[in-house]
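The values are calculated or read from the model by the stated rules, or taken from the named source; none is laboratory data. Quantities reported herein were computed from a predicted structural model and do not represent experimental measurements. Don't worry about glycine lacking a Cβ; one is built from the backbone with ideal geometry, like all the others, and counts go over all protein chains shown.
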Amino acid sequence: MVIEKVEVLVSSPGRNFVTLRITTDDGVTGLGDATLNGRELAVAAYLREHVAPLLIGRDAHRIEDTWQYLYRGAYWRRGPVTMASIAAVDTALWDIKAKVAGLPLYQLLGGRSRNGLLVYGHASGAELPELFDSIREHQEEGYRAIRIQTGIPGLPSVYGVASSANARAGAEAGTDERYDYEPARRSAVPVEETWDTRAYLRHIPGVFEAVRNEFGPELPLLHDGHHRLTPIQAAKLGKSLEPYDLFWLEDVTPAENQDALRLVRQHTTTPLAIGEVFNTIWDYKTLIEEQLIDYVRSPVTHAGGITGLRRIFDYASVYQIKSGVHGPTDVSPVGLAAAIHLGLAIPNFGIQEYMRHAPTTHDVFHATYTFANGLLDASDEPGLGVTYDDEAAAAHPYEAAYLPVNRLLDGSMHDW
Ligand code: GCO
Ligand code: MG
C-alpha cells in the first residue's frame, strides 16, 4: 500500500485550518491537522513544497520510519512549522492504518483504558455576574471541569475573556461564539492589547474566592496565565490560589525557560500545566525529569502527531505526570479526534481541553466523536472518524487572521 496522492487543504470555515489528506494506491484516505494559528500558510508551504513530493510512492504502513525520515531528514529539527507538518503526515497515516484494519484508531493504540475523556470548558466574563452565568451555562451543558478567565480592572480586554466584539462577529457569521471565543482576529495585522501584571495579581485570588463561595469546593477549576509572569510573580500567584484548590494553573511563565518552573515549584503546591507551545519531547526534558509540572499540554497537531505525543506521554508517565491536551478551536476536529483516540488509550490521561468548534467548522469537518455527561468519546468508525467536505470547504477560502500582541502600559512589548 503506497502513498499516491498528498493534498494540502486550506480553508476557513469559521476560522482558518490547514488539513493534509493522504490517499493510497488502493484508494484509502487519511486526514491530518497542520493548523498553526496565525502562521497557517507557512505550514501549508512546508507541506506542499518540501514534504508532499517526498511521500509519493512510500509505504503508507511505515509510520515510525516516515516520522524519523521527516524529522532527522530535514536536518533542521523541531519548531512549530516542522513539527505541525510531521504531525499531519503522522496522523493521516494512523488514520489510514486504522481504516485498513477496520478499527477505530484507539484500538491500534492499545484499546480503551477508560469510558470517555473528562474535558474542561472555558467560562469567562468581564465581571463576576457574567462569569457566574457562563459557569452555570457550562454546567448545564454537562461540563464537569471549568477554566475561569475574567476581566482585570483598568484593562480594556484580557486574554481568554469572550469580548462582545467577538460575540457580535460570531453572530454575524452565523457561528456560536457566545463562549467559544476565538482569539485570532481576521485582519491584516495583529490587534494590540495592554497588560498590567500587578493589577492581575491583585484581582485573580478574589475571583477564585468568589467562585468557590458560589459554586462550592467540588467543581474542578482551572486557570491560564498565558505565559505572562516572571518566575517569582508566578510563584506568588500559585501560592495565593492554594486556598481555592485549582485542578491546574497553566502556562504561568514563558514556556521556553524550563528552569523558571523550578522556582515556581519550590513555592507552591498548586498543580502546574505547561506545553501548548512545545513541539517535541526535548522541550519537556527538564520539566519531566525534575517533576516540575503535573500536566503535559501539547496537542497532537503541534507535537509530531500521535507518534510524537505518545512518546512524550510515556516519558511523563514514569514521573506520574499526566496528559492535559490543548484543545482550542484552532486545533481542527481532525486534531481533536486524534487527541481523543490517544487519550482513550494512554494510562496517564489527565484531562482534555474542549472549546467546541463553531457549527460552520462542522459543515466542513464531519466528526463522529461525541460529547455527553462531560465526557468526549470516539465513535466506532474505522480510523479517526472524521471526513472533510471539499464542496463545503470551497465556500470558505483562507482569510488572513492574527493572534493579538501584548504591550505593557508603558508601551513595551510583552508576552501574549
Ligand atoms: C488555551 C490556549 C489558547 C491559545 C490559542 C492560540 O489554553 O486554550 O491558551 O487559547 O491562546 O490556541 O492559538
Ligand atoms: Mg493556554
field: Criterion: over 30 Å from PRO13 (Cα atoms), surrounded by fewer than 23 Cβ atoms within 10 Å (Cβ to Cβ) and within 16 Å of ligand 2 (Cβ to nearest atom) - qualifying residue of PRO243, PRO271, PRO347
entry: PRO271
task: Sort out which residues of region 309-325 are surrounded by fewer than 22 Cβ atoms within 10 Å (Cβ to Cβ) and not basic (Lys, Arg), and write them in order of number.
output: ASP314, TYR315, SER317, VAL318, TYR319, GLN320
Failed item in (1) modelled with pLDDT of 95 or more; (2) out of contact with any strand residue (DSSP E or B) (no Cβ under 7 Å at 6 or more places or on another chain); (3) within 16 Å of ligand 1 (Cβ to nearest atom), with GLY14 passing the rest: (1)
message: Being under 29 Å from LEU20 (Cα atoms) and away from ligand 2 (no atom under 13 Å from the Cβ) is true for just one of ILE293, ILE306, ILE288, ILE321. Which residue is that?
response: ILE306
message: Please determine whether any residue of region 72-83 is buried (at least 24 other Cβ atoms within 10 Å of the Cβ) and touching a helix residue (DSSP H, G or I) at 6+ places or on another chain (Cβ under 8 Å).
response: yes
Tally of residues being of a type outside the set (Asp, Glu) and assigned to a loop (DSSP other than H, G, I, E, B) across region 381-405: 11
task: Report whether or not THR230 is among the polar types (S, T, N, Q) and within 14 Å of ligand 2 (Cβ to nearest atom).
output: no
message: Going residue by residue through region 370-382, is there one that turns out to be surrounded by fewer than 21 Cβ atoms within 10 Å (Cβ to Cβ), within 21 Å of GLU250 (Cβ to Cβ) and outside the structural domain of LEU272 (by TED's automatic domain parsing)?
response: no
task: Taking THR329 as the residue in question, decide whether it is more than 30 Å from ILE281 (Cα to Cα) and not small (Gly, Ala, Ser).
output: no
message: Condition first: hydrophobic (A, V, I, L, M, F, W, C) and either outside any loop (DSSP other than H, G, I, E, B) or away from ligand 1 (no atom under 16 Å from the Cβ) (or both). Now tell me which residues in region 283-300 satisfy that.
response: LEU287, ILE288, LEU292, VAL296
task: Within region 102-117, track down each residue that is surrounded by 21 or more Cβ atoms within 10 Å (Cβ to Cβ) and of a type in the set (A, V, I, L, M, F, W, C).
output: LEU105, LEU117
message: If ALA400 meets every condition in (1) hydrophobic (A, V, I, L, M, F, W, C); (2) away from ligand 1 (no atom under 16 Å from the Cβ); (3) more than 21 Å from VAL161 (Cα to Cα); (4) out of contact with any His (no Cβ under 8 Å at 6 or more places or on another chain) apart from one, which number is that one?
response: (2)
Test result for GLU290, acidic (Asp, Glu) and touching a strand residue (DSSP E or B) at 6+ places or on another chain (Cβ under 6 Å): no
message: Going by what's in this entry, would ALA303 be described as within 12 Å of ligand 1 (Cβ to nearest atom) and within 29 Å of GLY32 (Cβ to Cβ)?
response: no
query: Which of the residues spanning region 266-282 are within 30 Å of LEU47 (Cβ to Cβ), without any contact (Cβ under 8 Å) to a residue 40 or more places away in the chain and more than 16 Å from ligand 1 (Cβ to nearest atom)?
result: ILE281
task: Spot the failing condition for GLY121; the list is (1) buried (at least 16 other Cβ atoms within 10 Å of the Cβ); (2) more than 16 Å from ligand 1 (Cβ to nearest atom); (3) modelled with pLDDT of 95 or more, and only one is missed.
output: (2)
message: For region 269-311, give me each residue that is touching a Phe, Trp or Tyr at 6+ places or on another chain (Cβ under 6 Å) and closer than 23 Å to ARG147 by Cβ.
response: PRO271, ALA273, TYR295, SER298
- request: Could you tell me whether THR35 is of a type in the set (Ser, Thr, Tyr), in contact with a strand residue (DSSP E or B) (Cβ under 7 Å, 6 or more places away or on another chain) and either more than 16 Å from ligand 2 (Cβ to nearest atom) or in a strand (DSSP E or B) (or both)?
  value: no
- request: Taking only region 223-246 into account, find how many residues are farther than 23 Å from HIS414 by Cα and in contact with a Lys or Arg (Cβ under 9 Å, 6 or more places away or on another chain).
  value: 3
Count - residues of region 352-380 that are within 16 Å of ligand 1 (Cβ to nearest atom) and either assigned to a loop (DSSP other than H, G, I, E, B) or under 12 Å from the mean Cα position of the chain (by Cα) (or both): 7
- request: Being buried (at least 18 other Cβ atoms within 10 Å of the Cβ), touching a His at 6+ places or on another chain (Cβ under 7 Å) and at pLDDT 95 or above narrows it down to one of ILE148, ILE86, ILE204, ILE135, so name that one.
  value: ILE148
